[in-house]
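K.L.:
Structure incoming, see below.
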Amino acid sequence: QVQLEESGGGLVQAGGSLSLSCAASVNINRIYVMGWYRQAPGKQRELVAVITSGGTTNYADSVKGRFTISRDNAKNTVYLQMNSLKPEDTAVFYCNAGVGLRVYWGQGTQVTVSS
């Protein structure tokens, strides 16, 4: 069982920055892929960014150049640095981890970007 706890969400003006953290209850060295997803009101949950245990990253086109995902294996934590935020980034952001055939989700953290 893997528990994920997100933090760092909040309200920010357009053009501002926020940093999200996702703390895992296990050693994330054993987790091959971890990522961030988001779900805006009335929309489906979508991929934002993922990172492998080897450090390979992948981003949604809508956030490339603005968001950066990273992981600190010593702290069992994955981060999402979000810069140049836009109102359309407003969503609940969820941390995700794939362990074997199982997928785990955090409870989500709200990010609201005002115009």
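K.L.:
Name the residue from Phe67, Ala40, Val78 whose Cα lies farthest towards the positive end of the charge dipole of the stretch 22-115, charges +1 on Cβ of Lys and Arg and -1 on Cβ of Asp and Glu.
P.N.:
The residue sitting farthest along the positive end of the dipole is Val78.
K.L.:
Determine the sum of side-chain charges near Asn58: Lys and Arg each +1, Asp and Glu each -1, restricted to other residues whose C-beta is under 14 angstrom from that of Asn58.
P.N.:
Working: positive: Lys64, Arg71; negative: Glu46, Asp61.
Net charge in that neighbourhood comes out at 0.
K.L.:
Note down the net charge around Arg45, summing +1 for each Lys or Arg and -1 for each Asp or Glu among other residues with Cβ under 15 Å from its Cβ. Intermediate values should be presented prior to the final figure.
P.N.:
Details: positive: Arg38, Lys43; negative: Glu6, Glu46, Asp89.
Computed value for this residue: -1.
K.L.:
Counting other Cβ atoms within 10 Å, which chymotrypsin sites (Phe, Trp or Tyr not before Pro) in the stretch 56-115 have at most 12 and lie in a DSSP loop? All intermediate terms of the calculation are to be shown ahead of the outcome.
P.N.:
Details: sites: Tyr59, Phe67, Tyr79, Phe93, Tyr94, Tyr104, Trp105; in loops: none.
Of the chymotrypsin sites (Phe, Trp or Tyr not before Pro), not one in the loops of the stretch 56-115 has a Cβ with at most 12 other Cβ atoms within 10 Å.
K.L.:
Just the number please: accessible area per residue for the chain, 1.4 Å probe, all protein chains included, in Å². Provide the component values of the computation, followed by the final result.
P.N.:
On the way: 6030 Å² over 115 residues.
Here the per-residue accessible area is 52 Å².
K.L.:
Oh, and also: Round to a whole number: what % of the accessible area of the stretch 1-68 belongs to carbon and sulfur, probe 1.4 Å? Could the numbers behind the result be given before it?
P.N.:
Working: 1680 of 3770 Å².
The C+S portion of the solvent-accessible surface of the stretch 1-68 is 45 percent.
K.L.:
For Ser17, what accessible surface area do you get with a 1.4 Å probe? Give it in Å², rounded to 10.
P.N.:
Its accessible surface works out to 60 Å², give or take rounding.
K.L.:
Sticking with this structure for a sec: Taking loop as defined by DSSP and a crowding limit of 12 other beta carbons within 10 Å, which trypsin sites (Lys or Arg not before Pro) in the stretch 18-115 fit?
P.N.:
Numbers: sites: Arg30, Arg38, Lys43, Arg45, Lys64, Arg66, Arg71, Lys75, Arg102; in loops: Lys43, Arg45, Lys64, Arg66, Lys75.
Here the sparse-neighbourhood loop sites are Lys43, Lys64, Lys75.
K.L.:
What is the list of residues in the stretch 38-63 whose amide nitrogen lies under 11 Å from a point 7 angstrom out from the Cα of Thr112, following Cα to Cβ?
P.N.:
none
K.L.:
Further question on the same structure: Where both partners of a DSSP beta bridge lie in the chain, what percent of those bridges are antiparallel, to the nearest 5? Walk me through the numbers before you get to the answer.
P.N.:
Values: 39 of 43 bridges.
Around 90 percent of the beta bridges assigned by DSSP in the chain are antiparallel ones.
The values are calculated or read from the model by the stated rules, or taken from the named source; none is laboratory data. These numbers come from a predicted model, not from an experiment. Ideal geometry is used to build each Cβ from the backbone, glycine not excepted, and the neighbour counts take in all protein chains shown. Please note that ligands, DNA and RNA were not included when accessible areas were found on the heavy atoms of the full protein model with its side chains. Shrake-Rupley method; radii C 1.70, N 1.55, O 1.52, S 1.80 Å.
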